[in-house]
Every structure is written in C-alpha cells, then in structure tokens.
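Enquirer: First the structure, then my questions, so here it is.
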Amino acid sequence: MIRAATLAALLMLPLASACKTLDEPDYFAGSLNALEGSDIPPTTINTAAQAMPILTRGVMSGIVTTWGEVGREGHNLDPTNPDGTAQRLVTENRAIGSGTWSNAYQSMRQGNVVLGAVDRAAPGMTDAQKEGIRGWVKTHQAIALLIATNIFDQAGVAIDVNVKVDDPLPAIVTKAAAFARILQLLDEARTHLLAAGSSFSFIPSAGFAGFNTPAGLLKVNRGIRARVNVYLGNWTAALTDLAASFIDTTAALSLGAYNTYSSLSGDITNPLFDPVPRTQVVSPFWLAGAQLRADGTPDLRSTQKTALITTRVLNNITVDHKWNIYKSAADPFPIIKNEELILLRAEANLQAGNRADALKDINVVRVKSGGLAPLASDPGAGGTLTGDLLIDEILYNRRYSLVWEGGHTWIDWRRYGQLAKLPRARTGDVVFPYAPLPDAECIPRDPDPAGCTIPTPL
Amino acid sequence: MRWSLVCAAAFALLAAERASAQTRIITGRVTDSLTSEVVTSGQVSVTGTTVGSTIKEDGTFTLAAPTRDVTVVVRSIGFKRVDVAVPASQSAVDVALARDYFQLEAIVVTGQATGVERKNLANAVASVDNQTLVKSSTSSVEQALMGKVAGAQIQDYGSGPGGGVIVTLRGANSLNNAYTPLYVVDGVVVSDAKISPGINRLTRATSATLISSDQEYPVNRIGDLNPNEIESIEVLKGASASAIYGSKASNGVILITTKKGRVGTPQFTVSQRFGTSRIMRKVGGRVFETEAEAIAAFGPTASQYWTPTVYDHDEELAGRRPLSYETAATVSGGTETTRYFASGLVRHEGAIIRVEYANKQSLRLNLDQQIGRRLSLNLSSEAIHTGNDRGINGNGNAGVVYYDALTSTPSFVDLRAVCPDGSRQIRCKGGVYPNNPYANSNPLASVEYVKNEESVWRMILSGRANWDVISSPQHSLRLIGIGGVDYFSQKNVVFSPPFMQFEPLDGFLGTSVLSNGGNANQNVTGSTVYTYKPASGAFSATTSAGIQYETRNLQVQRTLSENLVGGLQITTAGTNVRLDEEFEKVNDLGFYGQEEFLLGDRLLLTAGARADQSSNNSDASKLYFYPKASASYRLTTPLLAVDELKLRAAFGASGNQPSYRQRFSELASVNIAGVPAFNISSTVAANDIRPERQREIEVGLDATLFKSRANLEVTGFEKRISDLLLRRSIAPVMGFGTQVFNGGVMRTRGLEVGLNMIPIQSQKVQWNPRVNFFMSRSKVLSLPVPTFRQSGSARYGTLQIETGKSPTQVIAWIPSVAGSATSPRTDGVIGDYNPDYKLGFGNDLKIGQFNVYFLLDHYQGGWIHNYTELLYDFSLNTRDYEDPVPAGSPLAPYGTQMGAARIAAGQSNCSTCAWVQPMTYTKLREATLSFELPASFVRSLWSGARYMRLSLSGRNLLILTGYRGQDPEVLARAATVWTQWRSDIWPHPTYRTFWLSVDVGF
C-alpha cells in the first residue's frame, strides 16, 4: 500500500506542475481582436489611428525611386541588384508595383479597422473626437488610393476593400471609378472634420505640424482634392479646392504636410536619405534640362538639390551627381506642399483660360524656387513637348520643383500624353505607362483581370 | 483499484522467489568467435530467474545460479545473444559470441520508456552508432549523419565553420510549418533553436530597419553537442514510429543516447586530431585582357584601375589553410553499483577566411548509481561552450557581404592592403586597405576589421530514476521518472568600426550590435512499465503509460547602436540606438500509453496512443489524440539465400505544432518620430489554430541473406498530412499579406532501401559496403483556397502550391515556343525542387591493421536558383562571361557570349536557360584511412596502453556536379519552411577538410 501510494505520488508530481493553465498570451504585440470587439478603449483607437501617417509614408516613399527613375528624374543604381534598372527601364514585370499595391491596401485596411472601431468605441470618446478620427483616417485612405491609382492607372485598382479576409475578392475597377472614390473619401473626410471640434483626440505625426487640428487638416485635404481634380481635368473644381487649401504665395514654398522619420527605436529612417550615395543618383538628362539663370548658371533647383560625385557606371548608365534633397536620416518628404499647390493653381487657371493668372503663379515658383528670371509674357503656342509653351513651362517647373518626391514627372507627362518623349540613356530603354497588377493579385483571380497584362511600353 | 491488485500479485511472487535460496557459482569466459579476443563487457543472466551479472573486462563472469540445470543467456552489444545450457554438474563455461553486424539484437526505442530488439522491430528505425558517426571530425552531429541514414535529407545552409544544418526526414512533412525533427537527448527534449547573430544592418538582406533577419546563417543549436560522446542515434522517421512523441513528432524524432560507464577498472581514451581545410570551388571572376575590354564593362573610370595583372580575389579572401585541432578524452569505469562516464572535448576549427573560426569545449559526466536491487539513478550532465565568428556571408543589399562586394569587383582591381614598406599584401602591420572603387566595401578590410562573434554557454542536465517495484521472472513493474533541463545563453557581438568604407552609407558612422539570448527547456516525464512473461515464455506483454510536461522559453534582446562616439564598440557609445526583442514561451502537456505484445519472439504487436495539449494551439486545453499500431512477423526458416525474413507494417498519427506567435493576429507597436502607434500586422491568423496532423502507414520487409552476409531493409511509406498549417499569400487587396489557418491535405509517398553487406569476413579482412536509397513524392490532395505561390517571382523560379500537384513543383519562365528567344514567356512547371532520389554508398574495408573507408553521397534532381551567377552576369563580371555559347546549347538562340546570352534569356523568356539550374551532385563526403598499431608494439611503448590508431580523414573532398555555382547543397538561408524556393546567394565558400588523428586507449 505504501508503495502504491508512493507510486501515485510520483505520478502526481509532473501532473501537479502541469495543473496551472498552459495558456500563454502574446508577449510580443497587441492583438487585432482589441480593435474588433465592442466597447473598445479610446486609447487603443487613438493609438491605431496614429499609425495612418506611417502607412501613408510607406505607400509614398516606395514610389519615388521606381517611378522617379521611369520619369528620368534619377536612377536607382544598385550594384547589389544590378538587374533592378532593367526591370524599370527595359522589361517590366508584375513585381514593379507590388510594394505600392500592398502598402496602399494595408493603409486601407488599417483605416477601415479604425473606422469600424470608432463606431464601437467605449463611452468616453466624444462624437467630435470620433468625427476627428474619421476625417483623419479617410484623408489618409484617399492619399493611399490616389497613389495606387497613379501607379496602376489603366490596370485599375480595387476600391470596395472593406471586406472579410475570406470574402470574394473585391473587383478591380477603372481609374475613373477610383478617382470618384478618392473624391468621395476626401469629401466625407471634410464633413467629418467640420464636425470634429477644434482639436483631435489622437496625436497627428510631426509632419502635420501646422495642420494638426481639424481645420488645419481640412486645408491639406483640399490640397489633395485639388491635385485629384487637376489630374481629372476638373479645372474649376480644382480652383475651388485650392482656395480652401493652404496655398500661399507669400509663405515658404516648403509649407505643407510631410512624411516624417526618425532614428528612434521602433521608427524608421528616411529611405530616400542616401548620403554616399549607395543607389540613388541624378539622371544626367534631368541635370542637362535645367534652364539657365540670368548669370548663366543653371536653375537653382538643379544645383541645390544635387551634389557632384565621382563618375560611376553601372549597366552602361553613367552618372556623376547624387541627390542632396534629403540631408539627414530624419529629413521629411512632402505629402503635399505649397509649391505644388501654386503650380496646380497655375495649371488649373491656364486650362480654365486664365493664362495671365497662371503666368503669375509660374513666376512665383520660377523666381523663388529656381532663381530664374520671371517670364515677361505668355510664350504662347510652340515647342516640342505639348505644343503650348506655357504648359511646357508648368511641366518644367513641376519636374524641377517636385523632383524625387513621388514620380511626378512620369505622372505629369503621362497626363499630357508625352511619355514617349522622355529621354533614354541606352538603346533599348523604354518607358512603361503604368504598373501591371502584381502577381499576388492576379494568381488568385480567375480569369486574370485585364490589368494583369503587362502594358505595351513606349 | 487495478494498480493495487497488480501490486498485491507482485508481492506474492516476490515472496515466492525469495524462498529459494540455494545457489551454486558458475564462472565463464566470453570471446569473439571471429578473432578469439575476449569480450570485455556485457550481461549474463539465467533464464526464468532474475539472476544476472556482468562480463568483466577480462572477459570473465561469475554467476550465482540455482543448483538445477539452467540456461545461461550471454549478451554483449555488437554480438548476437547466445543461450548456453549449463547442467547442474557443470560450473565453468566458455562462450564464443558471433558478431551482430547488422545490430539485429540491439534494443531500439519504440516508446517513451520501452524498446524492442531490432530483429522484431516493426518500423524502419535507423540507428547510427558512435563508430559510424564519428568517421571524421565534424562541427555538428547532423553533419556526421550526412549520407548515413536512408530517408534523411541533410543540408548545410551556411557551410561556414560551426554548423548550420537542416535535417528533413522522409521528404515533405508540411507545406508551411516547421519541417525539422525533434531532438531528444537522454530522454530530454532539447532545443534546436536558431538565433540570428544580427548582421542585417550591415548586410541589409532585408529591410534596413531590422537588426536581424533569417538570412544570417544562424547556427542551429543542436550543433552544440559533442558527437564523440554519443553512444548511438536512433532516427524515428515518421509518424508510424514517432507517434508516441505526439504533436511535435511529425517531422520525425532523433533520439540521442550518450555513452554510459562500464563496470571495471577505469578505461581512458584520448584522441588527438590536427586538421586543415581548403576552399573547394572558387567562384572566380572575369579576366579582362585589354583596357578597352575593361572600359567596355566598367566604364571610363576603369582606365584608372586597369592593369594586366589578374588578382585572384577568392584566394585572397578565402585561400587560407588554417590549423584546426581537436582533443577528445574519455574515462569510463565503475563497480556493479556505481558507474561513470566522463568526457571532455576541446575543438578549434580554423577557417579558410581568416577571421572565422568555430570553437567548442565540452565536459560531460554520466553517472549510474544502483541503490539496492530495485532503484537505479542516472545522471547525465553536460556543459558546453561554443564560439564562432562566421564572417559576413549570405544575402545582402549593401555591398558589404564578402561576395556581394566581389560580384561587382573586376579582377584587375588590387584590393590588398598598402603596407608601410609600399608592398601590397593581404594583411600587414600598419597596412591600409584601399577603398573598393566598384563596390561599397573591400572584403579584405571587412575580414580584418568587422566582427561577427558568437558565444554560447549551454547546460544539458537530465536525471532519471528507475524503480523496479516488481521484478520477477514473470512480472516486472518499473516506474521511471525523468527530469531534464536544457539551458543555453547566447551572446552575439557584431561590430563595424566607423572608418569602414560602407559605414557612411546610412549616415551613421560605426555599427555595434549586442545580442543576448537564451533558451530554457524543462522536461518532466513519468512512466510506468509493466511486463508480463508467463513461465512458459510463449509471449511477453509490456504495458506502459506516462505523462510528459515540457516548457520552452526563448528570449533574445538585441541592441543596435550606430554613430559610435570615438568608434567605441560598446553600445552605449552610439547616438542612434535601436532595440529588438524575440520572445517565445510554450507549455506542452502529453499523456501516453502503449501495449507491446511479443509472441514467441516471432510476432510483435504494438498499439499505443498519445494525447497532447499545448499553449501553441488556439485552445490550450484541447487534447489532440495520436494513436499508433504496428505488427511484425519473423519467418525464421531459411529459404534459398534468405536466412530470415521479417514482414512489418506500422501505422501512426502525429502532429506538427504551430509556432508560438502563429495563432495571433497582431498589432505591432511602432512609432512615427516618437508618436506611438499600433500597426496592424500583415499576417492574419484564424482563431482555431491547431497542430497539423500526419497519418503514416509504413510497410516493409527486412531480410538477412547469404548466411548473415547481407541485410536488406525495404520500406515503403505513405503519409497523409491534413489540417495543414497554411501560410497563404492572400491577394494584397485584402490589406494583409499572409493568412494563417489550418486546412488542406497533402500526401507524401516514399521508398527507402538499405543494403548492408559483409562479403568478406575473416580474421584478417573484413569488407562492409553499405548502400542506402531514398525517394519521395508529394502531392497536394486538397486546398481550401485558390492556388498560391511562395514568395519570389517566376522569373527566378518559385514554388506554386496547387491542388493535385507536387508542393515543390518549380514554376519558372519558359518560352511559349520551345527554343524560341522571341516567343512570349509563360509561367510553366520546369520540374521539382524535391530530389528524384538520394543515394548513399559507404564502404568500410579492413585489411589487417589497415582500415579504408569512404562515403559517397548522391543527390539526383532538384533545382536551385543561382542568384550569385545572375549578379555576376549583370555586373558583366562572370568567369565565363565572354565564353562563346556552344552550338546546340539552350542558350544559343539568345546570344553568342555566355553572360550576355544568359541575361537575354533570363530577362526575356527562359529561366532555365539562365540561372535556374539543376542541382544533381555526388560528393565524396567522408574518406578515412586508418592504421591500427600492433598491440604488442603499443604495449612496448607503454604497458598501460590498449590500442593506438593513426588515421587520416577528410570531409567533402570531391564534388561532381553540373551545377555552375559553388555548391548546390548550400542554401541561401535556413529555409523557414520546406516549400521554400532555394537560392544560392553569396554563400560562405565551401571547403574540404582534412584531419590527422591519433587515438589511444589505455
């Protein structure tokens, strides 16, 4: 009997140690479930809302080096990935836009989860605070969708993405439908912001300094809307939006909303900061295209935004300048800035027939940004690009003012049907008009959407 | 109730046994029937009693047997058992034991606490004993197993010194989850964790914001073990054998048993080895004959650097012939009640790249203590210290990895240091390394100044108590308690001083990374084993049951510090500091029971089950059941050349546990310039994550042929793996990248053949060739989601998971019109990653005092992406860049020069014409020539010496392959899942190793 008891005791020993529950929580991160139940603590919602600019900068920073290269602003010459240039300048494949696509839809997902959570917030979050979060989230969603639409263009994008993971895949819609949704998001955001009181319950990132109240953010929102309307050719609407934006010809051209970075643990540094440089260099075409100032020196934008380096050759591309735009690892880069708004107004005015107003705005940028002499008069028709020298002048200024900030040249020249005129460094180089849908989006769909086909290069 | 009955019955029997007290003494002498030398260890017992004794080192034994006629059973490891009838009148016996070459009578583990003799075994369990294992010196245990186990695929993923090996058993076991086996050392589940050193900030293999990635060739920690002190390794390859290990056993279980002390005066062995190594295949670079050619490839600046001299950068970087050494010593001895085994190892492996090394020191003490007749205690303890520097190898995006830099560095550039006397040398005092004009780093400078050091302290302790509650000829009841701890702490230091050429790249001069990690595994197991053998001996039945509790606790903290004040290495010197932490905490609880029934030593029937809970499942309290059953039957009547034939069949189920964070959909904690934020992770998990389930059926036959001159084992198996833990790439439009859930079914079928022969067996000559063959084929039977691809573009080859197809089918670009360079490309299946078959051929020949041994390892089929060649090609710097494309080559339509044609093919429509290449290879894995000095000579040197052996051995001496890269076996990374497409991206150069050893026993 004693032995049997000892035996039992021996057996119980491991059992006893196992009597506590086996379960272990996630020590590593928060849980998505925290945003999916009901009575969600306001702090959790605010913390999730604060991630929106992180996602926005993710979508935006990824396009600069790719589409900036396609737009012949610069090159991304990486000796470690020497075939990268070929993928951007010779043969396009479905990988080219995959990062932008995923980042944009992560932003949409984060936004939709936060919007859902706001509706189920625990008591303690006021209606104005909720409206503030909605306005903030939808503005960021509109930016993400806008970037995706710019990149995928004719390939199309998805817009109704607030679905469950196992639901059927949202349809790929046309560019027109995407722009309509972007405008809708921006306008919904406006309504929310107007009802959001005087301050936000969350902390907007430092890049929104000066625009970190509902009223301030609304000015950014209108600036983005103006950009969309210019892209759509809605010139009058664009002028209305601009009037409600932070456009100011007397303020610094750099005034605006920015993507910010830091070298803090848990944050990232600016991937466009490439001091040596490792990969990011200036296209000789871009340098050579700079207009001359009165003293015969080139446009200040071409000298101040670049610096001389030892000549380097990779894949038969020869370069000798690096970028000098992002001067530290924590330097921000613009989501939208005053200089772009002024040029948008110039373009809208010009296209609406107010060429004199356009000329005034163009000259503000020419003088302040490029150190160039103002244009004395409307140059009128002519030239080898669009046939209208004043439009060419706007495109020129956009190319030099917004260089290495988001593939603007490529988007602008496409709007005006001039991609074929982009210069080529090597024989065989081509220009892709847009990115095909990524593999990961095509493989699960049957049949492949038309956007999966690789577009004919120019 | 039931237990008390059993116990009551047992006491009665014990009382009966004690009554017969009259005994007589039998003495005996045991010899080897082949050589007539004495057998120095083993057991003797009297049939039908509990009387037993051990063979002493002089080959004699003494036994207190009953006075009647008895049968004495003599057994010794490595010999066949002999039953000797000893009439009541006889008191001395001479016993000659025949060698058991095929280890048919060795006990093989079949349960948590039970085992059966190999000849009855119902599964194809591979056993590798110490002699077979340690044929030459290796960094790690798994390397020593390469080519020796049918059904095992063992690959180096780093090839640097210090290990880094993945083992897979019986082909594909999982699509997306863990695929490497469970390791159990002396009953304790030990950690095989891989903790990355933290070089990502230098290499930028993945996102520059991460301190470490899985592409850093971390050493898998099973490599810490000292192969010399392993008595045997048993490999339970699939669920039919491993079911008793439950939800961690789908990938097989590798049971390691360390050596134990033997009764007798202390016996010492000392083995001293010296070795060196040499780069095996150089990558090489293009040779530029003229300046014009150099300018054409590298631009006008090439004229500044061009000279007609060709610098052998591979030789400069990895041309060293290092000195390695290994000292291993053991002592073993003891009495009937206390036995001990102690061993020590000091090993230093030098490397072909100067800065690199792998060191190992270990100390083991195994104690066996008998307390009375019923209680025995075993202690197995080991302390290990390993250290290494593995340089900067593998994938990268910053020109800092050695071969990353060399890829774009033409052979006319002199990278050597400028010495104070003006000469150029690979290394000299006061030398200054020039900046590399064609890459971000000078690898020779990196070797000199960049550190990537690792230091691990590890302790593996296990204690075992066996209590024979009942021990009678008919009944035995044994309680077994095992407790064990496996703890290690790992420290990694990565340091790059501020003056390195690449340091300004991120704007922060100097990089220092300090990682402190560790893992603790704790195991507690309790088992009871009850065996019933009726007096008739017609059958025996063994019932066992038990419980096992295990915790695993892994934690790693990393500190990255940049912009180092004064260039100091200490992390507090940096102005830009980043932290990272890994965390894993798991609790498992399992219950098991098993019944083994052996009828007439012919028929073995086994049935058992295990039930497991784990904190890694979404429902931590849910029990998952894993049954098993097996049968084997021996036909012992000789027929033609067949001496004995065994037919066997086994079925078993086991699981493959989710990993710690797999069940969570997470909100990552991040910030934007200090503003905290919750960022939804790109992985979304189902809320009912559970283990994968494998059901395996194995059938086979084992035959002993030609009067014990050959042994053939043929095994076929089929595994159905259901509830697969899928990591599906979902359409990114959903806002997530990956979805984790259980679903789908996969099947793997395979065939294993082992043939072990002794064609010649005489006192002078013994010849033992061995062949093992393995093939497997897998198929996805159902998939609850649409076809999806593993990461990577079809351009470089990728794997596509598709119903009805092999999970390792390789998709790549193929021309829509075969052989046409201009036809549009399609994504097509080009083959399979999984090998067609694997073949190992070992040959052991002993002639007199000489022993010649070699092992050939052949891998047939499979594909790999030669990214290294792609990168050299795009840098116009490949060794064969200008070679003409031979007529008839698949490259012919694409161009006239090899490099340009590969680029054209690889960019247009044909991956296999360019960089997706077949893997097929044959390696001379091991070769040893040894000489046993005559015993008389050895004793004349020193009277205490028993033997002395000199040997010359080598590893990875030759490779025959059509693969153009360095080594198709070396993987770009320790693939996290089996179905991961493999790339050759700047791996550590592979090398041959040579060892000269002296082994002495005294």
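Enquirer: B:PRO497 versus (1) facing another protein chain (nearest Cβ under 10 Å); (2) more than 18 Å from B:LEU182 (Cβ to Cβ); (3) surrounded by fewer than 24 Cβ atoms within 10 Å (Cβ to Cβ): which is the lone unmet condition?
Expert: Evaluating B:PRO497 over (1) facing another protein chain (nearest Cβ under 10 Å); (2) more than 18 Å from B:LEU182 (Cβ to Cβ); (3) surrounded by fewer than 24 Cβ atoms within 10 Å (Cβ to Cβ) leaves (1) as the failure.
Enquirer: Do the conditions hold for B:ASP999, that is, is it charged (D, E, K, R), under 28 Å from the mean Cα position of the chain (by Cα) and more than 22 Å from B:GLN155 (Cβ to Cβ)?
Expert: In short, yes.
Enquirer: Suppose the filter is in a helix (DSSP H, G or I), away from chain B (no Cβ under 14 Å) and either without any contact (Cβ under 8 Å) to a residue 40 or more places away in the chain or of a type in the set (Lys, Arg) (or both); does A:ARG424 pass it?
Expert: No; evaluated as a whole, the condition is false for this residue.
Enquirer: What is the number of the single condition among (1) in a loop (DSSP other than H, G, I, E, B); (2) of a type outside the set (Lys, Arg); (3) surrounded by fewer than 20 Cβ atoms within 10 Å (Cβ to Cβ) that B:GLN272 does not meet?
Expert: Among (1) in a loop (DSSP other than H, G, I, E, B); (2) of a type outside the set (Lys, Arg); (3) surrounded by fewer than 20 Cβ atoms within 10 Å (Cβ to Cβ), the lone unmet condition for B:GLN272 is (1).
Enquirer: Still on this structure, please answer the following. Considering each of B:VAL852, B:VAL829, B:VAL885 in turn, give the residue that is in the same structural domain as B:PHE788 (by TED's automatic domain parsing), free of Cβ contacts under 8 Å to residues at least 60 places away in the same chain and either of a type in the set (Phe, Trp, Tyr) or out of contact with any His (no Cβ under 9 Å at 6 or more places or on another chain) (or both).
Expert: Checking each option against the conditions leaves just B:VAL829.
Enquirer: Let me confirm something: among A:PRO334, A:PRO374, which residue is farther than 22 Å from A:LEU242 by Cα and surrounded by fewer than 21 Cβ atoms within 10 Å (Cβ to Cβ)?
Expert: Going through A:PRO334, A:PRO374 in turn, the sole match is A:PRO374.
Enquirer: Please give the strands (runs of 3 or more DSSP E) falling wholly within the stretch B:285-401 in which 2 or more residues are among the β-branched types (Val, Ile, Thr) and more than 30 Å from B:SER207 (Cβ to Cβ).
Expert: Working: elements: B:324-334, B:338-350, B:357-371, B:375-389.
So the answer is B:324-334, B:338-350.
Enquirer: Then there is this: Which one of these is of a type outside the set (Gly, Ala, Ser) and touching an Asp or Glu at 6+ places or on another chain (Cβ under 6 Å): B:TYR872, B:TYR859, B:TYR837, B:TYR853?
Expert: Just a single option satisfies the conditions, and that option is B:TYR853.
Enquirer: Touching a residue at least 12 places away in the same chain (Cβ under 8 Å), facing chain A (nearest Cβ under 8 Å), among the polar types (S, T, N, Q) and not in a loop (DSSP other than H, G, I, E, B): does that describe B:GLN739?
Expert: yes
Enquirer: Test each condition in (1) in contact with a helix residue (DSSP H, G or I) (Cβ under 9 Å, 6 or more places away or on another chain); (2) closer than 30 Å to B:GLY888 by Cβ; (3) in a strand (DSSP E or B); (4) not acidic (Asp, Glu) for B:THR922 and report the one that comes out false.
Expert: (1)
Enquirer: Does the stretch A:100-114 contain any residue that is of a type in the set (S, T, N, Q) and within 29 Å of B:ALA904 (Cβ to Cβ)?
Expert: Taking every residue of the stretch A:100-114 in turn, at least one turns out to be of a type in the set (S, T, N, Q) and within 29 Å of B:ALA904 (Cβ to Cβ).
Enquirer: Just checking: which of the strands (runs of 3 or more DSSP E) contained wholly in the stretch B:756-834 hold 1 or more residues that are touching a helix residue (DSSP H, G or I) at 6+ places or on another chain (Cβ under 8 Å)?
Expert: Details: elements: B:765-782, B:798-801, B:809-815, B:825-832.
Passing ranges, in order: B:809-815, B:825-832.
Enquirer: Sticking with this structure for a sec: What is the residue count in the stretch B:510-527 for residues that are within 11 Å of another protein chain (Cβ to nearest Cβ) and closer than 15 Å to B:SER441 by Cα?
Expert: Of the residues in that region, 0 qualify.
Enquirer: Which one of B:LEU323, B:LEU345 is touching a residue at least 40 places away in the same chain (Cβ under 8 Å), more than 19 Å from B:ASP224 (Cβ to Cβ) and in the same structural domain as B:PHE488 (by TED's automatic domain parsing)?
Expert: Result: B:LEU323 is the single residue among B:LEU323, B:LEU345 that is touching a residue at least 40 places away in the same chain (Cβ under 8 Å), more than 19 Å from B:ASP224 (Cβ to Cβ) and in the same structural domain as B:PHE488 (by TED's automatic domain parsing).
Enquirer: So which residues in the stretch A:38-81 are within 13 Å of another protein chain (Cβ to nearest Cβ), farther than 30 Å from A:THR306 by Cβ and in a loop (DSSP other than H, G, I, E, B)?
Expert: Hits for the stretch A:38-81 are A:PRO41, A:GLN50, A:ALA51.
Enquirer: Name the single residue, out of those in the stretch A:147-197 being away from every other protein chain (no Cβ under 14 Å), of a type in the set (A, V, I, L, M, F, W, C) and without any contact (Cβ under 8 Å) to a residue 24 or more places away in the chain, that is surrounded by the most Cβ atoms within 10 Å (Cβ to Cβ).
Expert: Selected residue: A:ALA177.
Enquirer: Please find, among A:THR85, A:THR65, A:THR139, A:THR80, the residue that is at pLDDT 95 or above and among the hydroxyl-bearing types (Ser, Thr, Tyr).
Expert: A:THR139
Enquirer: Suppose we filter the stretch A:82-119 for residues that are over 18 Å from the mean Cα position of the chain (by Cα), farther than 30 Å from A:ILE309 by Cα and among the polar types (S, T, N, Q); how many remain?
Expert: Residues that pass the stated criteria total 2.
Enquirer: Continuing with this model, one more query. State whether the residues of the stretch B:683-693 include one that is in contact with a Leu (Cβ under 6 Å, 6 or more places away or on another chain) and either modelled with pLDDT of 90 or more or more than 7 Å from every other protein chain (Cβ to nearest Cβ) (or both).
Expert: Yes, there is a match, as at least one residue in the stretch B:683-693 is in contact with a Leu (Cβ under 6 Å, 6 or more places away or on another chain) and either modelled with pLDDT of 90 or more or more than 7 Å from every other protein chain (Cβ to nearest Cβ) (or both).
Enquirer: Also: If we scan the stretch B:427-436, do we find a residue that is closer than 19 Å to A:LEU314 by Cα and buried (at least 24 other Cβ atoms within 10 Å of the Cβ)?
Expert: Looking through the stretch B:427-436, none of the residues is closer than 19 Å to A:LEU314 by Cα and buried (at least 24 other Cβ atoms within 10 Å of the Cβ).
Enquirer: Next question. Quick check on my filter: what residues within the stretch B:548-579 are among the hydrophobic types (A, V, I, L, M, F, W, C), within 9 Å of chain A (Cβ to nearest Cβ) and surrounded by fewer than 21 Cβ atoms within 10 Å (Cβ to Cβ)?
Expert: If the condition is that a residue be among the hydrophobic types (A, V, I, L, M, F, W, C), within 9 Å of chain A (Cβ to nearest Cβ) and surrounded by fewer than 21 Cβ atoms within 10 Å (Cβ to Cβ), then B:VAL577, B:LEU579 are the ones that fit.
Enquirer: Do you know which of the residues in the stretch B:649-668 that are within 14 Å of chain A (Cβ to nearest Cβ) and of a type in the set (A, V, I, L, M, F, W, C) is nearest to the chain's Cα centre (by Cα)?
Expert: B:PHE664
Enquirer: Right, here's the next one. Mind checking which helices (runs of 4 or more DSSP H) fall wholly inside the stretch A:274-370 and carry at least 2 residues that are within 27 Å of the chain's Cα centre (by Cα) and of a type in the set (D, E, K, R)?
Expert: Of the helices (runs of 4 or more DSSP H) lying wholly inside the stretch A:274-370, those with at least 2 residues that are within 27 Å of the chain's Cα centre (by Cα) and of a type in the set (D, E, K, R) span A:338-351, A:355-370.
Enquirer: Assess whether B:PRO759 counts as being surrounded by 20 or more Cβ atoms within 10 Å (Cβ to Cβ) and either of a type outside the set (Val, Ile, Thr) or touching a residue at least 24 places away in the same chain (Cβ under 8 Å) (or both).
Expert: no
Enquirer: A follow-up question, please. Can you run down the residue pairs with Cβ atoms below 8 Å, 6 or more apart or on separate chains, where the first is in the stretch B:767-789 and within 14 Å of chain A (Cβ to nearest Cβ) and free of Cβ contacts under 8 Å to residues at least 24 places away in the same chain and the partner is surrounded by 17 or more Cβ atoms within 10 Å (Cβ to Cβ) and part of a strand (DSSP E or B)?
Expert: These pairs meet every condition: B:THR787/B:GLN800; B:THR787/B:ILE801.
The values are calculated or read from the model by the stated rules, or taken from the named source; none is laboratory data. Just so we're clear, the structure is a prediction, and the values are computed from it rather than from any experiment. Cβ sites come from the backbone with ideal geometry, for glycine too, and all protein chains shown count toward neighbours.
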